[in-house]
Amino acid sequence: MPQSLDISKSNPNATIPDATLNIAPALNPAKPSLVGMPRETLKAVLAEIGVKDKAIKMRSAQIWHWLYIAGVTDYDEMRNVNKDLRNALAELYSIERPELVTEQVSVDGTRKWLIKMPLQKGETLGQEVECVYIPEQTRGTLCISSQVGCTLTCTFCHTGTQRMVRNLTSQEIVAQIMMARDLIGDWPSMERVKDDNLPQTGRMISNVVYMGMGEPLYNYEHVKNSINIIADGDGLALSRRRITLSTSGVVNYIDKIGEETGCMLAISLHGVNDEVRDVLVPINKKFNLETLLDACANYPGISNARRVTFEYVMLKDINDSIADAKKLVSLLKGIPAKINLIPFNPWPGSNYECSDWQQIEKFAEVVNRAGYASPIRTPRGRDIMAACGQLKSESVKIKKSLLKKASNAANEPVNTTESD
């Protein structure tokens, strides 16, 4: 919940009638992180601090190994990197993790983490995002965020009610994976967390999905860089077929992300005509169904072995009729596709209801008979608001006018580079 602005320590007589945020004075931004930095950028960093050209490839490979295979958080652990280089890097760049604010564990083993990112230039508050770990006996899926808040306003989604704050950097995106591996013991040198709900053998994080807070394709460069780091064979080495990007339909970047990353594609569909989808997923007004489905049919590498996943949230009396099911089958004809039917997960203030289970099964039967795999997604983490469409953080974008009021009241200088 929003907190009252507390300025009593510096000026007990000051008041700010409209303030609803606890705003601290501007702080120095954190050092940029090497974790999540593209490999070529890392090489450029080494060149800038004086590493000789002939040694850059070797040194970057050594650092890459320590970051992504060993998972170190202290330069002193990089035993085959000379001390002078370690000190030079430590002076300018961080390899520490963000701050874990809260961890919630569902009755079904799902874990939700609220993570506070280090201060970026122009910020007075560390921004917070949520990511979710969904364990099964044979695999573990990490759902990560790409933005603080969301650019879009999908009406069935809790994140869509949070004002867009900013994009996450590739460092902040990759940091979610690194931190998750820390918390469940997924590094070779760590003991696994003892929990019967977690995978008992193999990698504990075997799949990564960009289905958390934000629209990934509206943060294209950072998302692209993070995918390529996650998939790098000399580091985290996650198969590109186990990395899935979900988009609400930013059509002009769909082909590009496929070409430049090779990741799997998921479409947040939810409607079988433009009238319904315009309401549920307003970006449809810019990129309509015909345009979106054409982009899906031409997604690079698409085949029966690399199908596009269509996500379809089941909303009572909105999009769940048998006629809707038949129209969905017709729309996807010719596209190698898998259809995930998602029972609506309620959140405070939502105006929708989940379809009756019997109706969801009837809908699925129509889709299955047409030859499409259409699993009904079992809701996970509902009790901790970690299920699909339920993520939201308290981070907000602060107006310059409010920052100035807080600064004047507290007699403290404040950085106001945030836009209104």
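For the range 225-261, name all the residues that are without any contact (Cβ under 8 Å) to a residue 40 or more places away in the chain and either basic (K, R) or touching an Asp or Glu at 6+ places or on another chain (Cβ under 7 Å) (or both).
Those that are without any contact (Cβ under 8 Å) to a residue 40 or more places away in the chain and either basic (K, R) or touching an Asp or Glu at 6+ places or on another chain (Cβ under 7 Å) (or both): R240, R242, T247, V250, K256.
Output the residues belonging to the range 78-109 that are β-branched (V, I, T) and either outside any loop (DSSP other than H, G, I, E, B) or within 15 Å of S60 (Cα to Cα) (or both).
Once the filter is applied, which keeps residues that are β-branched (V, I, T) and either outside any loop (DSSP other than H, G, I, E, B) or within 15 Å of S60 (Cα to Cα) (or both), the range 78-109 yields V81, I95, V101, T102, V105.
Which one of I322, I318 is within 19 Å of V272 (Cβ to Cβ), modelled with pLDDT under 95 and more than 25 Å from the chain's Cα centre (by Cα)?
Going through I322, I318 in turn, just one is within 19 Å of V272 (Cβ to Cβ), modelled with pLDDT under 95 and more than 25 Å from the chain's Cα centre (by Cα): I318.
Go through the range 68-96 and count every residue that is more than 22 Å from M179 (Cα to Cα) and in contact with a Gly (Cβ under 8 Å, 6 or more places away or on another chain).
So the count comes out to 1.
Any residue that is buried (at least 18 other Cβ atoms within 10 Å of the Cβ) and on the phi > 0 side of the Ramachandran plot - is there at least one of those in the range 99-107?
no
Name the single residue that is surrounded by the most Cβ atoms within 10 Å (Cβ to Cβ) among those in the range 203-227 being more than 13 Å from L142 (Cα to Cα) and among the hydroxyl-bearing types (S, T, Y).
S226
For E130, all conditions in the list (1) modelled with pLDDT of 95 or more; (2) part of a strand (DSSP E or B) hold save one; what is the number of the exception?
Result: E130 passes all but (1).
Hey, any hits in the range 199-210 for a residue that's under 17 Å from the mean Cα position of the chain (by Cα) and free of Cβ contacts under 8 Å to residues at least 60 places away in the same chain?
No, the range 199-210 contains no residue that is under 17 Å from the mean Cα position of the chain (by Cα) and free of Cβ contacts under 8 Å to residues at least 60 places away in the same chain.
Here are the criteria: (1) of a type in the set (S, T, N, Q); (2) modelled with pLDDT of 90 or more; (3) surrounded by 19 or more Cβ atoms within 10 Å (Cβ to Cβ). Tell me which single one S374 does not satisfy.
Unmet for S374, out of (1) of a type in the set (S, T, N, Q); (2) modelled with pLDDT of 90 or more; (3) surrounded by 19 or more Cβ atoms within 10 Å (Cβ to Cβ): (2).
Looking only at the range 67-77, count every residue that is surrounded by fewer than 20 Cβ atoms within 10 Å (Cβ to Cβ) and part of a helix (DSSP H, G or I) and tell me the total.
Within the range 67-77, residues that are surrounded by fewer than 20 Cβ atoms within 10 Å (Cβ to Cβ) and part of a helix (DSSP H, G or I) number 4.
The rows are residues; the columns are (1) farther than 22 Å from E172 by Cα; (2) modelled with pLDDT of 95 or more.
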site: W64; (1), (2): no, yes
site: A88; (1), (2): yes, yes
site: E91; (1), (2): no, yes
site: R97; (1), (2): no, yes
site: V105; (1), (2): yes, no
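If only one of I254, I243 is farther than 22 Å from I115 by Cβ and in contact with a Cys (Cβ under 8 Å, 6 or more places away or on another chain), which one is it?
When all the criteria are applied, what remains is I254.
Kindly provide the set of residues from the range 157-196 that are more than 21 Å from E96 (Cα to Cα) and under 18 Å from the mean Cα position of the chain (by Cα), ordered by number.
Selection gives C157, H158, T159, G160, T161, Q162, R163, M164, V165, R166.
The values are calculated or read from the model by the stated rules, or taken from the named source; none is laboratory data. Source: prediction; values computed, not measured. Neighbour counts are summed over all protein chains in view; Cβ atoms, including those assigned to glycine, are modelled from backbone coordinates with ideal geometry.
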